[in-house]
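The values are calculated or read from the model by the stated rules, or taken from the named source; none is laboratory data. As the structure is a computational prediction, the values presented were derived from the model and not from experiment. Quick reminder, even Gly has a Cβ in these numbers, built from the backbone with ideal geometry, and neighbours come from all protein chains shown. Protein only, heavy atoms only, side chains kept; ligands, DNA and RNA dropped before computing areas. Shrake-Rupley method; radii C 1.70, N 1.55, O 1.52, S 1.80 Å.
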Amino acid sequence: MERLVVIGGGESGVGASILAQKQGFEVFLTDLGEIKPEYKMVLNQKQISYEEKKHSEAKILNADWIIKSPGISKNSALIKKIKEKNIKISSEIEFASQYTGAKLIAITGSNGKTTTTSLAYHIFKNAGYKVGLAGNIGKSFAWQVAEENFDYYILEISSFQLDDIQNFKPHISMILNLSPDHLDEYGYNYQNYIDAKFKITKNQDPQDYFIYNEDDKMILEWFNKNNTEANRFPFSLKSEVKNGAYMDGDNIKIQVNSERLEMKINELALSGKHNVANSMAAGIAGKLSKIKSEVIKQSLADFEAVEHRLEFTYKINGISFINDSKATNVNSVYYALETMNSPVIWIVGGKDKGNDYTELIPFVEQKVKAIVCLGLDNTKIIETFKDIVSEIVETQSMKDAVQAAYSLGKKDDVVLLSPACASFDLFKNYEDRGNQFKEEVKKL
């Protein structure tokens, strides 16, 4: 019996363990931290062997196959030892994809992944398909493969999940955009990060489809030196495309082979140019899957925004509070500021991942009246914006940040939590950060 070791006891790892057991592997799960009670209960019920608060190397390094949760750094000492022993390492996504006959739609990019994945899921559900939502969102992909029976899976995929790709082969893949992110995990080399993203199309063939942003300079540069066997379907906000989607004045036009769909931009549920792009990408996936234009248009019109992504929370004394905690990189904040039409008090900061804030300067000059820093080290933010924004306040708790922002605002202003950073210096994750923001705003 092959021995499979799962590293990481969160949603992804527990799901992989359940599927591995079902497929007849001898399974062992290990987590350096504490495993949540609800996951321990499942592991105990299924009689899956596990340990927490330690990694027993003797029990790990005798594995035939390792499934690594995406949160575990590929630069860690343990992962290096596993690689030295030439033990096969896969992500949960890679592992689970080998045990399902469902069609896979895989979505990556530096920004907009969650929104576009949720949009595509909404379209496919409305079309009557049995569809699973997984990857970086929803329930573990492996867990669903073990227990469900779907026609399609819509998968939000991070670069970390793509790092260990061997055979993963989506029927439709897409790269929404590229901007420097997680560079601390890629040797501060942007090209390494780009190459990781493009692994999404590595195993695709001429029966498959690749949807991509034709306005993105780095994507086009990659295509100058590389190719994909999949059929290419671009989308663009700037120029007409023959097969794909583009913005034409106040309309979006989607053309997939002989099928055509046209829709007014003001009918889309989500505002902002970046969401026009996200809507076009999801729409192309729908048309490639033979979904009727009426269903796609209705779905794009009645979709409800994702939590923690430009989420309007409250209006207090004429000041609007917007939770964009999911904006964990500079490019996300760029899109957020682009959509703002009122003076902004911007809450920013956290664990810096090698950020360059200079691309935000034009929007900050134009739209931001005050900055509230929320992080243990705000030096880089202050250095970048001190000559542009006269009011910069430093805080180290969400309560202080919200109160400071409120005191700086007046009627018709917007308080925007859009941190541009990871949350791990002060919070468990971006959801925790967003939920604390909403809680503190409610108390005002």
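Which residues, taken from the stretch 14-30, are touching a Phe, Trp or Tyr at 6+ places or on another chain (Cβ under 8 Å) and open to solvent by less than 30 Å² (accessible area, probe 1.4 Å)?
VAL14, GLY15, ALA16, SER17, ILE18, LEU19, ALA20, PHE25, PHE28, LEU29, THR30
Failed condition for LYS428, given (1) among the charged types (D, E, K, R); (2) open to solvent by 60 Å² or more (accessible area, probe 1.4 Å); (3) closer than 20 Å to LYS369 by Cα, with all others met?
With (1) among the charged types (D, E, K, R); (2) open to solvent by 60 Å² or more (accessible area, probe 1.4 Å); (3) closer than 20 Å to LYS369 by Cα applied to LYS428, the lone miss is (3).
How many of the residues in the stretch 403-425 are open to solvent by less than 30 Å² (accessible area, probe 1.4 Å) and under 24 Å from the mean Cα position of the chain (by Cα)?
Residues meeting the conditions: 9.
In the stretch 257-275, how many residues are surrounded by 17 or more Cβ atoms within 10 Å (Cβ to Cβ) and under 16 Å from SER299 (Cβ atoms)?
5
For the subset of the stretch 117-130 comprising residues that are without any contact (Cβ under 8 Å) to a residue 40 or more places away in the chain and under 19 Å from the mean Cα position of the chain (by Cα), which member is least open to solvent (accessible area, probe 1.4 Å)?
Top of the filtered list is THR117.
For the stretch 362-444, which fully contained strands (runs of 3 or more DSSP E) count at least 3 residues that are closer than 21 Å to ASN317 by Cα?
Hits in the stretch 362-444: 368-374, 414-417.
Residues that are closer than 23 Å to LEU270 by Cβ and out of contact with any Lys or Arg (no Cβ under 7 Å at 6 or more places or on another chain): does the stretch 379-400 have at least one?
Within the stretch 379-400, none of the residues are closer than 23 Å to LEU270 by Cβ and out of contact with any Lys or Arg (no Cβ under 7 Å at 6 or more places or on another chain).
TYR188 versus (1) aromatic (Phe, Trp, Tyr); (2) at pLDDT 95 or above; (3) in a loop (DSSP other than H, G, I, E, B): which is the lone unmet condition?
For TYR188, the failing item is (2).
So which residues in the stretch 52-81 are of a type in the set (A, V, I, L, M), open to solvent by less than 40 Å² (accessible area, probe 1.4 Å) and either in a loop (DSSP other than H, G, I, E, B) or within 17 Å of ALA142 (Cβ to Cβ) (or both)?
LEU61, ALA63, ILE66, ILE67
Kindly establish whether GLU294 is open to solvent by 30 Å² or more (accessible area, probe 1.4 Å), acidic (Asp, Glu), free of Cβ contacts under 8 Å to residues at least 24 places away in the same chain and farther than 28 Å from SER97 by Cβ.
Criteria met by GLU294.
Return the total of residues in the stretch 144-162 being open to solvent by less than 30 Å² (accessible area, probe 1.4 Å) and over 23 Å from ILE284 (Cβ atoms).
Going through the stretch 144-162 one residue at a time, the tally reaches 3.
Where the second residue is among the acidic types (Asp, Glu) and the first is within 24 Å of GLU439 (Cβ to Cβ) and lies in the stretch 379-398, which pairs have Cβ atoms under 7 Å and are six or more apart or on separate chains?
Every condition considered, the pairs that remain are MET398/GLU440.
The conditions are (1) open to solvent by less than 20 Å² (accessible area, probe 1.4 Å); (2) within 21 Å of the chain's Cα centre (by Cα), and VAL241 fails exactly one of them. Which is it?
(2)
Look through the stretch 244-256, keep the residues that are touching a helix residue (DSSP H, G or I) at 6+ places or on another chain (Cβ under 7 Å) and open to solvent by 20 Å² or more (accessible area, probe 1.4 Å), and return whichever of them is farthest from LYS292 (Cα to Cα).
Here the answer is ASP250.
For (1) open to solvent by less than 20 Å² (accessible area, probe 1.4 Å); (2) small (Gly, Ala, Ser); (3) in contact with a helix residue (DSSP H, G or I) (Cβ under 9 Å, 6 or more places away or on another chain); (4) within 18 Å of ALA404 (Cα to Cα), each residue gets a yes or a no:
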position	(1), (2), (3), (4)
VAL344	yes, no, yes, yes
VAL348	yes, no, yes, yes
GLU359	no, no, yes, no
PHE363	no, no, yes, no
LYS369	no, no, yes, yes
GLY375	yes, yes, yes, yes
THR379	no, no, no, no
